[in-house]
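Structure first, commentary second.
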Amino acid sequence: DNLSNIPSVVIEPASNNEDGDDHEIQASESKDSVEEVANQKTEVPTVESSDDISEPPNIVEVQPASSEKQPAATDDMPPGFLYKVEALHDFEAANSDELTLQRGDIILVIPSAAEADQEAGWLTGIKDHDWLQYKDASTYKGLFPENFTCRFE
């Protein structure tokens, strides 16, 4: 019963899923829930205070800084590598072909299979640490919203 007072914070900015009507209803319900929570001044746990996180953030895995400054050899980057972006916001994947991002993640952008994805504001990429660990772009690649990221120059 107490869970109904906690608003859903999943953000789906550029999603063109067929079930668009459901999102409008959820958005208004979430807004009402946010207002209820604000009026009740109920303490809502934040990610910062949560000790239940099963995996510690692996930001340290971006290993040699010198390789980022040098032109990358083909072995160092996935096939078709275009550029790097940094996640500015968390993004929860809604489908199996999407990447879940956490703020600060580095993503290696590669060409999208469908041009329509790019035109809709979605990029295809693989997380830098997944590429360094597995060297398997086809298994670990996914779509993510371009407007949640900032391009490295």
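Throughout, read-outs are computed from the coordinates displayed, never taken from laboratory work. As the structure is a computational prediction, the values presented were derived from the model and not from experiment. Backbone-built Cβ (ideal geometry, glycine too); neighbour counts: all protein chains shown.
The figures follow:
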item	result
Helices (runs of 4 or more DSSP H) wholly inside the range 98-153 that include at least 3 residues being crowded, with 17+ Cβ neighbours inside 10 Å	128-134
Residue match in the range 71-92 (condition: surrounded by fewer than 19 Cβ atoms within 10 Å (Cβ to Cβ), touching a Cys at 6+ places or on another chain (Cβ under 6 Å) and part of a strand (DSSP E or B))	yes
Within the range 127-153, tally of residues that are in contact with a helix residue (DSSP H, G or I) (Cβ under 9 Å, 6 or more places away or on another chain) and either within 15 Å of R103 (Cβ to Cβ) or of a type in the set (A, V, I, L, M) (or both)	6
